[in-house]
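A.B. asks: Below is the structure I would like to discuss, written out as structure tokens.
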Amino acid sequence: MHDGMALGRRGLIGGAAALGGILAAAGARADTVTLGLNGGPEQRSLTSAFPQKGSMILQRTRPPLLETPFEVFDQGVFTPNDRFFVRWHWAVIPEQVDLATFRCTVRGHVNQPQSLTMTDILALPRVELAAVNQCSGNSRGLFAPRIAGGQWQNGAMGNAKWVGVRLRDVLDRAGVKPGAVAVRFNGLDEPVVAGAPDFMKSLAIDHARDREVMLAYQMNGEQLPLLNGFPMRLIVPGWYSTYWVKMVSDIEVLDAPDDSFWMKSAYLIPATPHADVKPGQTGFPTEPINRMVPRSFFTNVTAATKVKPGATVPLRGIAMGGDCGVAAVDVSIDGGATWQPAVLGRDEGAYSFRQWTAQLTAPTSGTLVALVRCTNTKQVAQPMEANWNGGGFMRNMVERVALQVG
Amino acid sequence: MGSILKVVAGAAVVVVVAVVASIGHRVAAPPATYPTPPYMQSLLAKIAADEAKAGPNAPKAVADSAGILLRSVGFAFPTEGRAFPPGPGQDVMASNCMSCHTPGMILNQPALTRAEWAGEVSKMVKVYHAPVDEADIPAIVTYLASIKVAP
């Protein structure tokens, strides 16, 4: 009945073959990965059992939580669709979407409610944007003290070239009435249990009509994988992924603020600098999570990397500005006392990942501890210290790697 | 401000509406081409006039007007290969805690305190309407607080 029994409804042959990674014993095998989460458990299976997905870190089977193995980010600034992370809240997710019957309604505080086919959507002017999609709780597994929830390392993010239509144009087809204050989005997924809060998110009306928010039906030149929101998902450039509603099938213009669960009670952050509070602290104001913050990562080295004494060490990585572009990436080998600029790669747009490269000289012995820091075009730089909040949201501290010399 | 962008209006639109014949197979019907519908002409004109107001970071109009094909899809999702490890309460976990998610979600959590686990169970029941038998809650919390969270 429940699919927690090792063999579910797919039956013996298909299930066992597809789930070889899941069934594998823990250990230093190629089909597991160690995430470096303080206090564990840090072993995860790698799985290729999900449709349209290559090898992914299995965080949860149902509803799927699939993390991008970090080495993928060294291959370029765009994350391949079959390696792009997956995150769903509720387990009732359509396993098939038929475009003959699919409709997206636009309703609520509008002049002419719409029921749009994908043909209607495709007929609207087409726009393209490179943008990072990052889970609010990306890197939650690295928080100290640890927090319940999806135990992601740093791979709950991805960058894609999105093609679709402006949300503004879709809203204008219905004609937004004066007095509208927000637009709420719902997808085809549903809660398992009746009465549980359906996953919906909303944007303020001005944000929804800002000419940047999109409904995307293509990702890196192909239709979206089902698990990334086929046939179309919301793209909210510079904002966390919780707003990027997948399989969008209902757009409701509201004439009052959205007080539904996923806006009012979930995905709240402390309204403090860096969304940072002390564990156990109470009494602080909260607000819905919103704009992303700058981050940068090493992609070509890890703690397992060995370098020769005195050698020139080429470093490479990716950076994102968050809600704006990358102004600079700097590296440090003295704990942040001094910084040297990295060379930035091609600019794919303000909301995209940007590659960086730098060269450091290894000491004659010991370890080479390198830091990387992104400063965005609003002159916001990554902080040296980790933030903490009860949701495990918005981690963006300066990243550090210790390379073994010898 | 950013450059004035050319709007691709009236692009031929190609949609493939496919019938999903069976799970795991995708069948595409022959493509059908549609002209821009008449009801959209005035909207497109309005959008073109609007275009110049977009900021420098706004999505850019796609340069080519090639048709885009979308195909209906159908797949089966894989099932879980992990089960709750043996121990007092294992049966209670199996009967209460797998409607909404598979065991791996719990097994991948850090070792929380009993109070934290009690809070998580309470949240699942009260906020997410998990179909948990109230009489089983103490046994669930005890199990969660006692399991060695194996990698």
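A.B. asks: Output ³J(HN,Hα) for region A:374-386: one whole-Hz value per residue in order, computed from phi by the Karplus curve 6.51 cos²θ - 1.76 cosθ + 1.60 with θ = phi - 60°, and x for Gly and Pro.
C.D. replies: Per-residue couplings from phi come out as 9, 10, 8, 6, 8, 6, 9, 10, 4, x, 6, 9, 6 Hz.
A.B. asks: Hey, can you grab everything whose amide H is under 5 Å from the amide H of A:Trp152? Only 5+ residues off in sequence or another chain; H modelled, so Pro and N-termini drop out.
C.D. replies: A:Ser139, A:Arg140, A:Gly141
A.B. asks: Can I ask one more? Please report the spacing between the Cα centers of region A:274-328 and region A:131-177 in Å, no decimals.
C.D. replies: Measuring centre to centre over Cα atoms gives 16 Å.
A.B. asks: Now for a separate question. Give the long-range amide H neighbours of B:Ala130: residues separated by 5 or more places, or on another chain, with amide H under 5 Å away, using H modelled in the peptide plane at 1.01 Å from N.
C.D. replies: When sequence neighbours closer than 5 places are left aside, the close amide H contacts are B:Val125.
A.B. asks: For the pair B:Asp133 and A:Lys264, what calculated FRET efficiency results from E = 1/(1 + (r/R0)^6), where r is the Cβ-Cβ distance and R0 = 35 Å, to the nearest 0.05?
C.D. replies: It comes out at approximately 0.75.
A.B. asks: Averaging over every viewing direction, what projected area does the convex hull of the Cα atoms of region A:99-198 cover, in nm²?
C.D. replies: Average projection, Cα convex hull of region A:99-198: 9.8 nm².
A.B. asks: Explain nothing, just compute: Karplus ³J(HN,Hα) = 6.51 cos²θ - 1.76 cosθ + 1.60, θ = phi - 60°, for every residue of region A:212-228 in order, whole Hz, x for Gly and Pro.
C.D. replies: So the J values, rounded to whole Hz, are 10, 5, 10, 10, 9, 10, 10, 9, 6, x, 10, 4, 5, x, 3, 6, 9.
A.B. asks: Could you work out the relative contact order of region A:357-406, using alpha carbon pairs under 8 angstrom and six or more residues apart, expressed as a whole percent?
C.D. replies: Reported relative contact order: 48 percent.
A.B. asks: Next question. For chain A, build the charge dipole from Cβ charges (+1 Lys, Arg; -1 Asp, Glu) around the Cα centre, then report which of A:Pro113, A:Pro363, A:Leu142 sits farthest towards its positive end.
C.D. replies: A:Pro363
A.B. asks: Separate question: Please list 3J(HN,Hα) in residue order for region A:62-79, calculated via the Karplus relation 6.51 cos²θ - 1.76 cosθ + 1.60 where θ = phi - 60°; whole Hz, with x for glycine and proline.
C.D. replies: 9, x, x, 10, 10, 9, 6, x, 5, 5, 4, 6, 7, 8, x, 7, 9, 8
A.B. asks: Sequence neighbours fewer than 8 away in the same chain don't count; with that in mind, list the lysines whose C-alpha is under 19 Å from B:Lys60.
C.D. replies: Once the sequence-local lysines are set aside, what remains near B:Lys60 is A:Lys161, B:Lys6, B:Lys46.
A.B. asks: Give me, ordered by chain and number, the residues 5 or more places off A:Gly108 or on other chains with an amide H under 5 Å from its own placed amide H.
C.D. replies: Here the answer is A:Val253, since their amide H atoms fall under 5 Å of that of A:Gly108.
A.B. asks: A further question follows. Would you please give the FRET efficiency between B:Ala48 and A:Thr361, computed as 1/(1 + (r/R0)^6) with r the Cβ-Cβ distance and R0 = 45 Å, to the nearest 0.05?
C.D. replies: Step by step, r from the Cβ atoms, then E = 0.25.
A.B. asks: Report relative contact order for region A:75-210 in percent, whole number only (criteria: Cα-Cα under 8 Å, sequence separation at least 6).
C.D. replies: Reported relative contact order: 28 percent.
A.B. asks: How about A:Lys264: which lysines have a C-alpha closer than 26 Å to its C-alpha, ignoring those fewer than 8 places off in the same chain?
C.D. replies: Cross-link targets: A:Lys177, A:Lys201, A:Lys246, A:Lys278, B:Lys123, B:Lys126.
A.B. asks: At R0 = 41 Å, how high is the FRET efficiency between B:Ser95 and A:Lys177 if r is their beta carbon distance? Nearest 0.05 is fine.
C.D. replies: E between B:Ser95 and A:Lys177, to the nearest 0.05, is 0.25.
A.B. asks: Where does the charge balance sit around A:Glu212 when Lys and Arg score +1, Asp and Glu -1, over other residues with C-beta under 14 Å from its C-beta?
C.D. replies: Net local charge, A:Glu212 excluded: 0.
A.B. asks: Report, largest value first, the span of the C-alpha coordinates of chain A along each principal axis, in whole Å.
C.D. replies: Computed over the Cα atoms, the extents are 72, 55, 45 Å.
A.B. asks: Still on this structure: Quantify how strongly other chains surround peptide A:56-67 by giving the mean number of their Cβ atoms within 10 Å of each of its Cβ atoms.
C.D. replies: Mean inter-chain Cβ contacts per residue within 10 Å come to 4.
A.B. asks: Here's something else I'd like to know. Out of A:Thr286, A:Thr47, A:Thr101, any idea which swings most in a Gaussian network model of chain A, alpha carbons joined below 10 Å?
C.D. replies: Result: A:Thr101 has the largest fluctuation of those listed.
A.B. asks: Tally Lys/Arg at +1 and Asp/Glu at -1 over every other residue whose Cβ is under 10 Å from the Cβ of A:Ser48; what's the total?
C.D. replies: Around A:Ser48, the surrounding residues sum to -1.
A.B. asks: Mean separation of Cα pairs under 8 Å and 6+ residues apart, divided by the residue count of chain A: what relative contact order is that in percent?
C.D. replies: Relative contact order for chain A comes out at 14 percent.
A.B. asks: Starting from the Cα of A:Asp347, move 7 Å in the Cα-to-Cβ direction to define the label point; list residues of region B:44-60 whose amide nitrogen is under 18 Å from there.
C.D. replies: What the label zone holds, given the 18 Å backbone N cut-off, is B:54-60.
A.B. asks: Heavy-atom accessible area per residue, the protein assembly as shown, 1.4 Å probe: how many Å²?
C.D. replies: On a per-residue basis, the protein assembly as shown sits at 40 Å².
A.B. asks: OK, next. Using a Gaussian network model of chain A with C-alpha springs under 10 Å, which one of A:Met118, A:Met157, A:Met232 is most mobile by mean-square fluctuation?
C.D. replies: A:Met118
A.B. asks: Determine the sum of side-chain charges near A:Gln355: Lys and Arg each +1, Asp and Glu each -1, restricted to other residues whose C-beta is under 13 angstrom from that of A:Gln355.
C.D. replies: Overall, the nearby charge balance is 0.
A.B. asks: Could you check which residue among A:Ala131, A:Ala362, A:Ala328 shows the biggest mean-square fluctuation in a GNM of chain A with a 10 Å Cα cutoff?
C.D. replies: Ranking A:Ala131, A:Ala362, A:Ala328 by mean-square fluctuation puts A:Ala362 first.
A.B. asks: Pop a pseudo-label 7 angstrom from the Cα along the beta-carbon direction at both A:Thr34 and A:Ala337 and give the gap in nm to one decimal.
C.D. replies: With each label point 7 Å from Cα toward Cβ, the separation is 3.2 nm.
The values are calculated or read from the model by the stated rules, or taken from the named source; none is laboratory data. As the structure is a computational prediction, the values presented were derived from the model and not from experiment. Glycine also receives a Cβ, built like all others from the backbone with ideal geometry; neighbour counts cover every protein chain displayed. Accessible surface areas use protein heavy atoms only, side chains included; no ligands, DNA or RNA. Shrake-Rupley method; radii C 1.70, N 1.55, O 1.52, S 1.80 Å.
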